[in-house]
Amino acid sequence: MILLEKHKVQRNPLCGRYGRVLNMKVNLLLNFQRASKVAEELIEALNKGGIFGRKELPDDMAESLKKYLTEEEFLRFITLTTALDYMRNAEKLWKSSILTIQDEEVKWVFHPEKVMEQGRENLKSALGKHKLAMKKEKDSEIWFKISKTLHENYGGSIKRLFEVYNYDVEKMFKDFMVGEKKERFPSLSGIKLFPHWIRSLKDKTNLPFRNLHKLPIPVDVHIARATFTTGCITGRYSSKGINDTIRKRVIKVWEEGLKNSGIVPIEMFRPLWLLSKHGCHYRKNGKRPKLSECPVKRYCVEGKVIVTSNRVEIDTQLTAGR
């Protein structure tokens, strides 16, 4: 495989029609056409029986609260819980959040005005009751800052926040990534959690979002792992966890692969997450015990694919006819 000069993007004569290689120090090939096919077949499988018979993500637990909450309460529940969805078990997070909002003693944490009245110390204690905040100082500070911003600038209303941007999530995303907004919406302003937040709201509400196709796919361990196991990115690479090199390439391969498909990148989060969680996760030492049940098994590449929160090791390549 030819390695290219740093920062340049060119056609690799050895790659044919499959894709491109980015950066001379990274021996990874982005296979756009393959990503397009994988996406089409995964979406079809999801719409039929699910991926390994599964369709739901951890945040779908929130659906059970809809009939008990007002629209604004539901939007705040999704928003504030998502802000803590980093470096932790998502299923435990959402279970803890549901227990918290159902608890009369501490459910006030989902009301920005009451958070301001109670203050940081009481908030920290309340978020700890059902282990909603695992990193007590950091998590409670994220929660407090977002609540403060909603209370002081948007009357505690998530809808009002979106109305300010006329529901244009592309403009909102760019605004959140820099300056004052980044400070006022900690965690939610990140390149992973912002599109993850919008994706979750899109799946559960009828908010009239615009420019959804401009948001990048949220990249976590599962999305990266499934992208590598399906051969959408191949080559050799190792790192300590999901770094910018991995994140940018996963975002790029789905952005390019989904062009003109009618599928927006954030819609691929669900099928890829399910594929990894219930299939690729069991791949170890060359063995693929879930392969026969996989809806995209014909795309599964041989070789080494190790993707965890603290380790990435890839050594794969496409073979003729695959």
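The values are calculated or read from the model by the stated rules, or taken from the named source; none is laboratory data. Please read all numbers here as calculations on a predicted model, not as lab measurements. Using ideal geometry, Cβ is built from the backbone for each residue, glycine included, and neighbour counts are taken over all protein chains shown. Each accessible area value is taken on the protein alone, full model and side chains, heavy atoms only, with ligands, DNA and RNA left out. Shrake-Rupley method; radii C 1.70, N 1.55, O 1.52, S 1.80 Å.
Structure values in brief
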quantity	calculated
Inter-label distance for GLU63 and GLU104, nm, one decimal - labels placed 7 Å from Cα along Cα-to-Cβ	3.0
Diffusion coefficient, µm² s⁻¹, Stokes-Einstein with Kirkwood Rh over alpha-carbon pairs of region 132-215 at 37 °C and 0.692 mPa s	246
Translational D in µm²/s for the chain (Stokes-Einstein at 4 °C, 1.567 mPa s, Kirkwood Rh from C-alpha pairs)	62
Extension gain (nm, one decimal) between GLU113 and ASN206, 0.36 nm per residue minus Cα-Cα	30.9 nm
Whole-angstrom gap from region 69-110 to region 254-298, using each part's C-alpha centre	28
Accessible area in the full protein assembly, largest first, 1.4 Å probe, for ARG236, ARG160, ARG34	ARG236, ARG160, ARG34
Paired Rg and Dmax values of region 282-322, which use every Cα atom, in angstrom	11.1, 33
Around GLU137: net Lys/Arg minus Asp/Glu count, Cβ-Cβ under 10 Å	+3
Size of electric dipole in region 158-218: Cβ of Lys, Arg +1 and of Asp, Glu -1, about Cα centre, debye, nearest 20	100
Calculated FRET efficiency for the pair ASN89/THR308, C-beta based, R₀ 22 Å, to 0.05	0.95
Fraction of accessible area attributable to carbon and sulfur, region 99-167 (%, probe 1.4 Å)	44
Angle in degrees between helix 136-154 and the longest Cα principal axis of the chain, rounded to the nearest 10	70
Sequence-distant residues sharing a close amide H with ILE51 (under 5 Å, placed H)	none
Derived scalar couplings ³J(HN,Hα) [region 219-228; Karplus, 6.51 cos²θ - 1.76 cosθ + 1.60; whole Hz; x for Gly, Pro]	9, 10, 4, 5, 5, 5, 4, 5, 5, 6
Heavy-atom accessible area per residue - the chain, 1.4 Å, Å²	49
FRET E, pair LYS48, ASN285, Förster distance 35 Å, beta-carbon r, rounded to 0.05	0.65
Cross-link table LYS259/LYS297; LYS114/LYS248; LYS135/LYS304; LYS136/LYS248, entries beyond 28 Å C-alpha to C-alpha	LYS114/LYS248; LYS135/LYS304; LYS136/LYS248
Test item: Cα-centred dipole of the chain, Lys/Arg +1 and Asp/Glu -1 on Cβ, debye	1460
Average Cα contact separation per residue, region 94-195, under 8 Å, 6 or more apart, as relative contact order %	20
For the chain: relative contact order, % (alpha-carbon pairs under 8 angstrom, 6 or more apart)	21
Solvent exposure ordering (accessible area, 1.4 Å, most first) of ARG298, ARG249	ARG298, ARG249
